[in-house]
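Worksheet: the structure to be examined is printed underneath.
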Amino acid sequence: MTAEAITDSLVNALGLAGVLALMLAVRRRDAQGAMRWRWTLALGLVAVMYASRGLFWAGAGAGFNTVTAIAAAGIPLAVLLLVEGLIRRHAPLGVKLLILAGTIAVLVASLANARWATLALGAHIGLGMTLGVVTALAGLRGLDRAERRAVIALALCQVALIPAALTDFRELPLDMPARLSPLAVMLLGWVGLTIGAWRVSERIAWLVFLAAVAALAGVGLASGASGLSGVQSGLVVLAALLLVTISAEAVASQDAGLALRRALAATPPGNREALLQAITASETLGSGTILSDALLDVADADALATLVTEHPVLRRRDAPWGMARDEMLAEAVAALFETHNATHLLALCQSPLELLAINLPGLSADLSAETDLALAQRLLAATAGKGRS
């Protein structure tokens, strides 16, 4: 095997392992979240692409090359669905139709074994991923601080993924030492995995450290009998280091809400304003809006008070909250979620009725965050009537 083939095979195998580790992490952290199926679809297609490509390179048969093309053709559409979940709105219909048309065209060309199928796939992935980035950035309006931070971070990683994905096509005039998409995919997945747990400066410092270790290892391996250049050896080592980093995050007991609980514990006893400030300043939670009687445009306020007594933390995904969907109160509560761009409503006070609308970003929505919200609600409810201006 040539040095390029060896490097591609190793980076591809490490990338496959990294994607599987990411899927495990999503399953553990977002077991009931609305983003789980979107992440699973996108990562699943990438895993199938890497697995079938590796088998094809190993001589398992030309059919695996077709499977690779089919899986790759669906990735831009899966990425667009993931973006829609992050920005919590639909992409423009024209963007959807364009990506869908490209997916169908590439599938037909791949199944027909057309000569231009590979170039069409490269163009489809490049255009589709670009449209995903544009859609994500265009959807920032209406998102809160935590959500914007997450979307921008992932969009920047996707920008890096676009040229890396194009290096997978040797037919294009790109003289690269290896196919780089596995590295970019692991980077994007790791950033998504650590949002709310790692600061931006910490991520940058860790990546610089990994790159430095990979560079030193690459120089050392190139001077030996590996047959790979320093750059190729460094890329393999970097892929291995990213896999270890992702695996460690995947199996770790993640507790991004620890900082929030510390902030809540540090607030003065009975100080309602300090509690609210700690909650809305959290890295994992979005900004909150207090809904008093003036903002609660509900015909039957007593029924709403009874509902929040039974369910102090109302979750948007639990609609219609034990009622019929066409029931007036269910429609009124759904309108509150929609109007205030909220995922949760926390009961602060029963009389007069007062709620806190919280928007929990999709990447932060896990069992730990739900527990933190329940704790915050109990603390805020205990300070009802205190600390008001």
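Bear in mind that the values in this text are calculations on the coordinates, not laboratory data. All values derive from a computational prediction rather than experimental measurement. Using ideal geometry, Cβ is built from the backbone for each residue, glycine included, and neighbour counts are taken over all protein chains shown.
Some values worked out for this structure:
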quantity: Choice from SER351, SER181, SER52 with maximal GNM fluctuation in the chain (Cα, 10 Å cutoff); calculated: SER351
quantity: Fully extended contour minus Cα-Cα distance, from ALA62 to ALA324, at 0.36 nm per residue; calculated: 88.9 nm
quantity: Dipole magnitude of the chain about its Cα centre (Cβ charges: Lys, Arg +1; Asp, Glu -1), debye to nearest 20; calculated: 620 debye
quantity: Taking the stretch 3-251 and dividing mean pair separation by its residue count, relative contact order in percent (alpha carbons under 8 Å, at least six apart); calculated: 25 percent
quantity: Most positive-pole-ward Cα, GLY128, ALA178, LEU241, against dipole of the chain from beta carbon charges; calculated: ALA178
quantity: Rounded to whole Hz, the Karplus (6.51, -1.76, 1.60) HN-Hα couplings of the stretch 228-233, x for glycine and proline; calculated: 9, 6, x, 5, 5, 5
quantity: ILE204/ASN271 FRET efficiency (R0 35 Å; Cβ-Cβ; nearest 0.05); calculated: 0.45
quantity: Residues with amide H under 5 Å from that of ASP168, placed H, sequence gap 5 or more; calculated: LEU180, SER181
quantity: Under-5 Å amide H pairs with GLY288, H placed in peptide plane, nonlocal only; calculated: none
quantity: Trypsin sites (Lys or Arg not before Pro) within the stretch 149-238: DSSP coil, no more than 13 neighbouring Cβ in 10 Å; calculated: ARG170, ARG199
quantity: Whole-Hz ³J(HN,Hα) from phi, Karplus 6.51 cos²θ - 1.76 cosθ + 1.60, for the stretch 96-112, glycine and proline x; calculated: 4, 5, 5, 5, 5, 5, x, 4, 5, 4, 5, 4, 5, 5, 5, 5, 7
quantity: Residues whose placed amide H lies under 5 Å from that of GLU354, excluding near-sequence neighbours; calculated: LEU348, CYS349
quantity: Charge dipole (the stretch 3-251, unit charges on Cβ, about Cα centre) - positive-most of VAL159, ALA69, ALA211; calculated: VAL159
quantity: Nearest-0.05 FRET efficiency for MET1 and ALA138, computed from C-beta distance (R0 45 Å); calculated: 0.50
quantity: Rounded to whole Hz, the Karplus (6.51, -1.76, 1.60) HN-Hα couplings of the stretch 181-189, x for glycine and proline; calculated: 4, x, 5, 5, 5, 5, 5, 4, x
quantity: THR371 paired with ARG317, simple spin-label distance in nm, labels 7 Å along Cα-to-beta-carbon; calculated: 1.7 nm
quantity: Dipole of the stretch 3-251, positive end: most advanced residue of LEU221, ALA250, VAL11 [Cβ charges, Cα centre]; calculated: ALA250
